[in-house]
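Accompanying notes for the structure given below.
No lab work stands behind these numbers, since they all come straight from the coordinates. Bear in mind that the values here come from a model prediction, so they are computed numbers and not experimental data. All Cβ positions, even for glycine, are placed from backbone atoms using ideal geometry, and neighbour counts span all protein chains on display.
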Number of protein chains: 2
Amino acid sequence: MPKYHDELDAVLRALADPTRRTVVERLAKSPAVVSELAAPFSMALPSLMQNLCVLENAGLVTSQKHGRVRTVSLRPGALDVLHLWLGEQRTPAEHQADRLGIHMTRTTPKET
Amino acid sequence: MPKYHDELDAVLRALADPTRRTVVERLAKSPAVVSELAAPFSMALPSLMQNLCVLENAGLVTSQKHGRVRTVSLRPGALDVLHLWLGEQRTPAEHQADRLGIHMTRTTPKET
């Protein structure tokens, strides 16, 4: 699956930068205009735009311009590729713990 | 939480490389000796050792030497920091879908 791996590479590289991660954390709450995203950083606007470009190329965010205002949103399902990969890396011990958890849920009487 | 963010930086940077990710994928199944980890790559052993060093510094793997054989293991809970961060990024829509899922589980009669 080269596409899946290329996507993972891009997402992981994009998220390895603390500034870009802070932008994703903010956008997980709601879309935001660029000036609002820039506010927490002592960073020139062109540098922030460059980081947004990396996030957009990695498929993590989308943006729309209305007049002079650009609004950035987290792309729905943006982090799915990472969820999927993490799920695949569950160790045999974790799988066993999962099964035990399911068994406990099924057999433990509910509190009333 | 600077420690948490430093840990995340290191883990994401380590995983952004496809070779290192393949090593983690292999180790999620079971520990392995270095020669076994090297087998799928057309890579000189020193380069692989360098990648293992990055994974070890990021807290993702541990290794033990017995005589001339070094065995590498995925550190238990190695990917927890990433699971945690991903969980924190759930959007309001995803939270709503979760709640709906829980509601469906509680109200849908079990098939017998």
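Miscellaneous remarks
- Matching residues in region A:18-55 - criterion: being part of a loop (DSSP other than H, G, I, E, B) and within 19 Å of B:Leu8 (Cβ to Cβ): A:Pro40, A:Phe41
- The set of residues in region B:37-89 being basic (Lys, Arg) and away from chain A (no Cβ under 14 Å) consists of B:Lys65, B:Arg68, B:Arg70.
- Evaluated against (1) out of contact with any Leu (no Cβ under 9 Å at 6 or more places or on another chain); (2) surrounded by fewer than 17 Cβ atoms within 10 Å (Cβ to Cβ), A:Ala32 falls short on exactly one condition, (2).
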